[in-house]
1. Over all alpha-carbon pairs in region 222-377, figure out the percentage whose distance exceeds 21 Å.
2. Each residue of region 37-51 in order: what ³J(HN,Hα) in whole Hz does its phi give by Karplus 6.51 cos²θ - 1.76 cosθ + 1.60, θ = phi - 60°, with x for Gly and Pro?
3. So, in Å, what gap is there between the alpha-carbon centers of region 181-201 and region 83-142?
4. So which chymotrypsin sites (Phe, Trp or Tyr not before Pro) in region 268-313 end up in coil per DSSP with only 16 or fewer other C-beta atoms within 10 Å?
5. What is the calculated FRET efficiency for S329 to F351, with r their C-beta to C-beta distance and R₀ = 41 Å, to the nearest 0.05?
6. Which peptide among 325-335, 160-170, 341-351 comes first, and what is the full order, when sorted by highest mean count of other Cβ atoms within 10 Å?
7. Using each residue's phi in region 275-283, evaluate 6.51 cos²θ - 1.76 cosθ + 1.60 at θ = phi - 60° and report the 3J(HN,Hα) Karplus result to the nearest Hz, with x for Gly and Pro.
8. Viscosity 0.890 mPa s, temperature 25 °C: what is the translational diffusion coefficient of region 306-379 from Stokes-Einstein with a Kirkwood Rh over Cα pairs, rounded to a whole number of µm²/s?
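Quick note: the coordinates plus some simple rules give every number you see, no bench work behind them. Only a predicted model underlies this, so the values are computations on that prediction, with no experimental measurement involved. For neighbour counting, all protein chains shown are included, and Cβ atoms are generated from backbone atoms with ideal geometry for every residue, glycine included.
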Amino acid sequence: MKNKLIKFLLIFGLIVIPLTAIKATDKTNNETLFVAQDEIISGNLIAAGENIIIDGTISGDLIVAAKSLVVTGRVEGDILALSQDIEIEGEVGGNVRVFGDSVNIDSNITRNLNVFGSNVNIGENTRVGWDVLTISVSSVRIRGNIYGSLSAYGQKVFIASKIGKNVDVTNYGQNQNLTIAKETVINGDLNYSARIPAEIASGANISGQTNYQELQEENKTTFSSWAWSRLFSVLSIILIGLVLIFLMPKYLKDINENLKKHSGKIALVGSGLLLIVPPLSLILLFTIIGVPLALVLISLWLAGMFLAKTLIAVVLGEILIKDLFKKPSAHIFWSLILGAFILSLIFSLPFVGWFIRLVAIAFGLGSIVLYVTNKCKNI
């Protein structure tokens, strides 16, 4: 329980830490940021943009939010990043702490590597001086050399790495989704939890003990289940928000402005959509010609619900940052981060959380529909 709490707080910190940059810098960029191979950035680089490419050298820390991040140059300090796609191949003098959908690491990292993502790949050229913590929604593949310990969580876990200390793995996959390849060298214990025993190749070298614990749903504590559900809720809001921020920032800003100005009308329209679409789709399913329309309608309705929560998170974050932090010019990315955490916590409140969730979705759906309707009228 204690270890899970520490790891959850660590991941929480990896995402919350960038909020301190609200007061540290206001350097933002909605386009592509490129640091050329012969360019040297003195001090820290803190930026937000659609694409960030670092081929040169950064003498301090790299703190970014982007749709795509590629680092092939050298970062002498830490890398702290939130991005949809992350690729790090350059040398890093400090820690790497990243949060994204697709994460590829093939780098020489002096200190710790902390990764949270959907699909995580740690390549064979990777060298990590201290410890590695990786939490994956889907799959994680680990190669290269890790001179400290390894902690890995995921539905599918593949290890073919040289590890200096203990290995702790939690595999949530339903089937045999934990593989220890023959190239693996573990100079410590292998401790893992899974539904069935791992596939450990005969050539794998494990110096210490191998301890297996069968993973069962009833063994999860109430707090652990709550913590993980909140974490994944925040992840979904942030990933959707990143797409909206970096692909259509102007549209997102317009929708949010309409939401603030016409909240009553938006709530009425959103509540109607929330209540009418499911029974209407069900009725259409009973007609031959209406089946395709019903499928399209329910798909748009479900997609709208996800977008609705993201929009409300951004609006909530903007209000708090402008009123509390007194930063009217802060990048909308910081509003997304703050709003996602607060909204996820509010949704988890007993007795009233479900109602607040419905209200938020209704406001979000209504704002989307009214915005699209107004745009169509102007065509």
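1. In whole percent, the share of Cα-Cα pairs in region 222-377 beyond 21 Å is 50.
2. 4, 8, 9, 10, 9, 7, x, 7, 10, 10, 7, 10, x, 5, 10
3. What the calculation gives is 20 Å, centre to centre.
4. The qualifying sites are F286.
5. It comes out at approximately 0.60.
6. So the peptides 325-335, 160-170, 341-351, ranked by packing, come out 160-170, 325-335, 341-351.
7. 8, 8, 4, x, x, 5, 5, 5, 5
8. 186 µm²/s
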